[in-house]
1. Inspect segment 104-113 for any residue being among the hydroxyl-bearing types (Ser, Thr, Tyr), assigned to a helix (DSSP H, G or I) and either at pLDDT 95 or above or assigned by TED's automatic domain parsing to the domain that holds Gln328 (or both) and give the result as yes or no.
2. From the list Arg174, Arg162, exactly one residue is modelled with pLDDT of 95 or more and in contact with a Ser or Thr (Cβ under 6 Å, 6 or more places away or on another chain). Which is it?
3. Restricting attention to segment 266-276, report how many residues are surrounded by 15 or more Cβ atoms within 10 Å (Cβ to Cβ) and more than 22 Å from Gly213 (Cα to Cα).
4. Take Glu231 and decide whether it is exposed (fewer than 13 other Cβ atoms within 10 Å of the Cβ) and in a helix (DSSP H, G or I).
5. Confirm whether Ser291 is among the small types (Gly, Ala, Ser), at pLDDT below 95, surrounded by 13 or more Cβ atoms within 10 Å (Cβ to Cβ) and more than 23 Å from the chain's Cα centre (by Cα).
6. Yes or no: segment 298-316 includes at least one residue that is under 20 Å from Trp183 (Cβ atoms), buried (at least 16 other Cβ atoms within 10 Å of the Cβ) and modelled with pLDDT of 90 or more.
7. Could you list, in sequence order, all residues of segment 73-102 that are within 18 Å of Arg22 (Cα to Cα), surrounded by fewer than 20 Cβ atoms within 10 Å (Cβ to Cβ) and within 21 Å of the chain's Cα centre (by Cα)?
8. Looking at the structure I just gave you, is Arg239 modelled with pLDDT of 95 or more, surrounded by fewer than 19 Cβ atoms within 10 Å (Cβ to Cβ) and assigned to a helix (DSSP H, G or I)?
Amino acid sequence: MRIGKDFSMISSTQELKELVARARKIDCVALDTEFIWERTFYPQLGLIQLALSDEDCHLIDPVAIKDLTPLGKLLSGRNVVKIFHDAPQDLIILSRVTKAIPANIFDTRIASGFSGLPSTISLVNLVNVLLDIELPKTQTRTNWFHRPLSDEQIDYALDDVRYLRAIRVLLLTRIIVPEIKSWLRVELDTLNDPQSYIGCTDYERFQKIKGAGSLDRNGLAVLRELAAWREQEARHLNRPRGHVVTDKNLLELARHEVNSFENLEQSGLLNAKKLQRFGEAIIKCITTGKSAAGDDRPEIRKPIRLNTREKQVFERLASFVQLKCDMQGIDPHLIGTTAELKQLARNLNSPGAPLPPRLTHGWRKMFLEEFFRQRL
């Protein structure tokens, strides 16, 4: 264990167990991670920061500690609030290395959006606004695997957690209306469900590929198979998706429906090494996609274009959201995206059109109830 003036470096499993035992006895702790994500599928974890108070901070060294599962008891425990700023990426990393499902998470970025501040605010700006402290951000591109860590790296890492407990208190005091506090709790509870931050499944990955909307349903069925295969292959190899096959080449393969190894070789989309390694799997994906039944082929997602009546509903809806958010101190971006509001406007004008799930359930439905009553 390395001990500094206001921190300790945890470098063994036993030290980690002892720290976790202490942390589980208090009401809330602050957590953060530092990682490098350049040449791998998974982010490479370089450091974990844990603050029990602003003067009781610890740096957990995943380079030295090969078994981080003891931290899972803290992460999954429901009696201790775990405070993060912009939690999802940290939760993905920590849940993978600890094999635990996070629970009782408080995200200061989300809470900011319920307290009169932007829901996209950076930690640097949040600390400056609430505590009048300016944090240096000189280590954003540093090598977190270098040992020993420099004093600058240590200070940067500690700054990411030492203020979070105080910020949580200040944010909650800014939210005066009980109903809005209840909405915040509901929103934070979504972080207890890994699906809320893990994102799409392998077979939904094709929707993330830029240019997918240019394909017809046959091409989308092929792209779906190719993208799912690439996701699984990249995960297995722990390499970036583009190192397996680029998005551009996946689109070309789906568009032209290469149907034999010879066609694939002639296309020039893969070099000889990748052709030898992945060729048969790619042809299998294309064949599977082409044979998909009509009703199993993905729908073509086109930008929502509203008619005149729907535009009027959308404009009233957007104005209602903005005005009510201004009155209640909520960031409008928390309510929904422009696409979701357009989708809702279309449904209100044309019953039977798809409804945006987020706007018709939970606290967002309650927020919009007055607008729905006005429509009736």
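The values are calculated or read from the model by the stated rules, or taken from the named source; none is laboratory data. Every value quoted in this text rests on a predicted model; they were computed, and no experiment measured them. Note that each Cβ is placed from the backbone with ideal geometry, even for glycine, and that neighbours are counted across all protein chains shown.
1. At the first step, the residues of segment 104-113 found to be among the hydroxyl-bearing types (Ser, Thr, Tyr) are 108, 112.
If we keep only those that are assigned to a helix (DSSP H, G or I) as well, we get 108, 112.
Narrowing the set further to residues that are either at pLDDT 95 or above or assigned by TED's automatic domain parsing to the domain that holds Gln328 (or both) leaves 108, 112.
Within segment 104-113 (the criterion being among the hydroxyl-bearing types (Ser, Thr, Tyr), assigned to a helix (DSSP H, G or I) and either at pLDDT 95 or above or assigned by TED's automatic domain parsing to the domain that holds Gln328 (or both)), the answer is yes, since at least one residue qualifies.
2. Values: Arg162 fails: in contact with a Ser or Thr (Cβ under 6 Å, 6 or more places away or on another chain).
Matching residue, one of Arg174, Arg162: Arg174.
3. Step one: list which residues in segment 266-276 are surrounded by 15 or more Cβ atoms within 10 Å (Cβ to Cβ), which gives 269-270, 274-275.
Those still in the list that are more than 22 Å from Gly213 (Cα to Cα) too: 270, 274-275.
The qualifying residues number 3.
4. Answer is no for this residue.
5. Numbers: among the small types (Gly, Ala, Ser): yes; at pLDDT below 95: yes; surrounded by 13 or more Cβ atoms within 10 Å (Cβ to Cβ): no; more than 23 Å from the chain's Cα centre (by Cα): yes.
Against the criterion (among the small types (Gly, Ala, Ser), at pLDDT below 95, surrounded by 13 or more Cβ atoms within 10 Å (Cβ to Cβ) and more than 23 Å from the chain's Cα centre (by Cα)), Ser291 does not qualify.
6. Taking segment 298-316 as the starting set, the residues that turn out to be under 20 Å from Trp183 (Cβ atoms) are none.
No, that holds for no residue.
7. Ser76, Val81
8. Details: modelled with pLDDT of 95 or more: yes; surrounded by fewer than 19 Cβ atoms within 10 Å (Cβ to Cβ): yes; assigned to a helix (DSSP H, G or I): no.
When the stated conditions are applied, Arg239 does not pass them.
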